[in-house]
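Q: Sending over a structure as structure tokens; questions will come in a sec.
Rule-based calculations on the coordinates, nothing more; no lab input. Note that this is a predicted model, so its numbers are computed, not measured. Cβ: placed from backbone, ideal geometry, glycine included. Neighbour counts: every protein chain shown.
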Amino acid sequence: MAKLYFRYGSMGSSKTANALMVAYNYQEKGQHALLAKPALDNRDGDGVMASRIGLSRPCISVEQLTDMTDDAIRAYDCVIVDEAQFCTKEQVDKLTDIVDRLEVPVICYGLRTDFQRNLFEGSLWLMAWADIIEEVKTVCWCGRAATCVARFDESGEMVTEGSQVQLGGNDSYTSVCRRHHKLGIIRKPRG
Ligand SMILES: [Zn+2]
């Protein structure tokens, strides 16, 4: 049976590299994975899924995915969605249809929470509806599991106010444990 997967992680947990590896594994077996991400996430340029370690592949938008015909989607062995936190509730619902009606597995990667520790819309509904929920782990500077996203400004200070989505590169986000998120200490103190 096809399943809906949600693999969540914080910033820097190699979610995109993981997604591209899964696509490559399908390809090695002579199968085809369809890659998609929400149009909102255009920091890598439209139509490209790019990881920080340099891997990249072309992809379509989730909007294009949900406009595809049933037969066109069934031609693939798997659908992989990156940055799935930016999906709307309606889009996540459509992903469940791809699994349930078309019997094509859908593997979603995304952040669980934003820089204020609030759920993203897409993550909320994936948490609610996914068959399999798995954590892609990364660590805080202190060695604890980094479950929180911290946004920082040009001076390197943690930011706690602002809009949920402020696209423009990974350089203004990092991952820390919940304790250090609460304390606002996003790097190992010197000395
Ligand atoms: Zn920590």
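Q: I need the full set of residues from segment 125-155 which are assigned to a loop (DSSP other than H, G, I, E, B) and within 16 Å of the ligand (Cβ to nearest atom), in order please.
A: K137, T138, C140, W141, C142, G143, R144, A146, T147
Q: Scan segment 86-105 and report the pairs whose first residue is at positive phi and whose second residue is in a loop (DSSP other than H, G, I, E, B), with Cβ atoms within less than 8 Å and a gap of 6+ or a chain change.
A: E103/M1; E103/A2
Q: Which pairs turn up if I take residues in segment 142-159 that are of a type in the set (F, W, Y) and look for partners that are in a loop (DSSP other than H, G, I, E, B) and within 13 Å of the ligand (Cβ to nearest atom) with beta carbon separation below 7 Å, at least 6 apart in sequence or on another chain?
A: F152/I186
Q: Within segment 115-123, can one find any residue that is in a strand (DSSP E or B), among the hydrophobic types (A, V, I, L, M, F, W, C) and more than 22 Å from A39 (Cβ to Cβ)?
A: If we filter segment 115-123 for residues that are in a strand (DSSP E or B), which is where we start, we get 119.
Narrowing further to those that are among the hydrophobic types (A, V, I, L, M, F, W, C): 119.
Filter again for more than 22 Å from A39 (Cβ to Cβ), leaving none.
No, segment 115-123 contains no residue that is in a strand (DSSP E or B), among the hydrophobic types (A, V, I, L, M, F, W, C) and more than 22 Å from A39 (Cβ to Cβ).
Q: Next question. For D71, which of the numbered conditions (1) in contact with a strand residue (DSSP E or B) (Cβ under 6 Å, 6 or more places away or on another chain); (2) in a helix (DSSP H, G or I); (3) surrounded by fewer than 17 Cβ atoms within 10 Å (Cβ to Cβ) fails to hold?
A: The failed condition is (1).
Q: I've got another one for you. State whether one or more residues within segment 178-185 are within 16 Å of the ligand (Cβ to nearest atom), over 30 Å from H32 (Cα atoms), under 16 Å from the mean Cα position of the chain (by Cα) and not polar (S, T, N, Q).
A: No, the conditions are met nowhere in segment 178-185.
Q: Kindly evaluate S175 against the criterion of being surrounded by 12 or more Cβ atoms within 10 Å (Cβ to Cβ), within 11 Å of the ligand (Cβ to nearest atom) and not charged (D, E, K, R).
A: yes
Q: Condition check: among the aliphatic types (A, V, I, L, M) and loosely packed, with under 14 Cβ neighbours inside 10 Å. Does I60 satisfy that?
A: Values: among the aliphatic types (A, V, I, L, M): yes; loosely packed, with under 14 Cβ neighbours inside 10 Å: no.
Spelling it out, it is not the case that I60 is among the aliphatic types (A, V, I, L, M) and loosely packed, with under 14 Cβ neighbours inside 10 Å.
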